[in-house]
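Here is the structure we will look at.
Just so it is clear, none of the values below were taken in a lab; they were calculated from the coordinates. Keep in mind it's a predicted model, so treat the numbers as computed, not measured. Here Cβ is always computed from backbone atoms with ideal geometry, including for glycine, and neighbour counts include all displayed protein chains.
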Amino acid sequence: MRNDGVSKLYKPSQIMDKINKGLFALNIICVVLSCILSDTPLQVTRIFQIIFSLSFVIIEILDDGIFWYEAEHVRRANCIQNAFQINLTEYKTTGYYNNDLAPSLSKYATNTFESHFFTTHISHKMLPKKIVEVIVALLVFVISCLCVASEITVIISEAIFSSFVMLDAVGLIIYEIRMKHLYDKAFSQFVSVGITKPEQKIWLLSYVVEYEAIKAHYRIRLDEKIFNQLNPQLSKEWDELQQSIVIS
């Protein structure tokens, strides 16, 4: 039976992500209203526009620095805990990692390879949606410049908002490229070549460190909806793939 005790630590981050999606939509509505309203209603709309834009940025920063970091910190510890059968955290998982290797560096690296398999496929599927978000954010900024050119505060807030959305998208693109490149190397070692030589055990450690470094550097949240959609098929594919892994 599958049990993931760490998943509840991601809930605050998921809630913040949903709030920011709402703020994103509300900001778009405010931009549209700013182009058609006048006088007092227009001033109120512009105030809300500033509030929504800056709130979006503040929530992103808080999530990065507090909630997301804590969840990822425990996930890293849990992966080591599962691989070496030691207690590093109170949060337990059952069936989250699926291999029958004895506690060892090889098991740790194989756990990572399983996570890497899911991460690579899900992040790739996230790209179209993220590109759409960037286009919308840029349109919002351009429209704001055209409609409220005299309101420098609004322009600044929208510039900050659009920059965060764009940086997130650029980060996802680079993240996906680096993850795919690393995954191809891992597939070659685990499946095509096989882990059979002592010096390859050193590569396993290097691989795990690089994978975690990419995740920590780019701080990409995998889309929960896409994960739920792909999980049954990816789980099936992983079950087949792990049968091809060679470790001796």
Full-stretch length increase - ALA159, LYS185 - with 0.36 nm per residue and alpha-carbon distance subtracted: 5.5 nm
The stretch 69-130 and the stretch 51-67: distance between their alpha carbon centers, rounded to Å: 27 Å
Filtered GluC sites (Glu not before Pro), the stretch 31-122: DSSP coil and at most 13 other beta carbons within 10 Å: GLU90
Cubic angstrom per residue, convex hull over Cα atoms of the chain: 125 Å³
Two-decimal log10 I(q)/I(0) for the stretch 127-248, as the Debye equation yields it once each C-alpha is a single scatterer, q = 0.10, 0.11, 0.12, 0.20 Å⁻¹: -0.50, -0.58, -0.65, -1.17
GNM result for the chain, Cα springs below 10 Å: residue of SER163, SER38, SER235 fluctuating most strongly: SER38
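Starting from the Cα-Cα distance between THR89 and THR40, subtract it from 0.36 nm times their residue separation and give me the gain in nm to one decimal. Mind showing how you got there, number by number?
Values: separation 49, 0.36 × 49 = 17.64 nm, distance 5.52 nm.
Residue separation times 0.36 nm, minus the Cα-Cα distance, leaves 12.1 nm.
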Cα-based shape type of the stretch 74-151, given that a ≥ b ≥ c are square roots of the gyration tensor eigenvalues and the cut on a/c is 1.5: prolate
Nearest 10 degrees, 0 to 90: helix 152-187 Cα axis against the chain principal axis: 20 degrees
Size-normalised alpha-carbon gyration radius of the stretch 2-59, reference 2.2 N^0.38 Å: 1.58
Exposure proxy ranking, count of Cβ atoms within 10 Å, fewest first, for ARG75, ARG178: ARG178, ARG75
Positive-end residue, the chain charge dipole about Cα centroid, Cβ charges, pick of VAL208, LEU139, PRO198: PRO198
Where no second cysteine Cβ lies under 4.7 Å, the cysteines concerned in the chain: CYS30, CYS79, CYS145
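Given R₀ = 41 Å, FRET efficiency for GLU70-THR196 by Cβ-Cβ distance, to 0.05?
That pair, GLU70 with THR196, gives E of 0.60.
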Nearest 10 degrees, 0 to 90: helix 198-218 Cα axis against the chain principal axis: 10 degrees
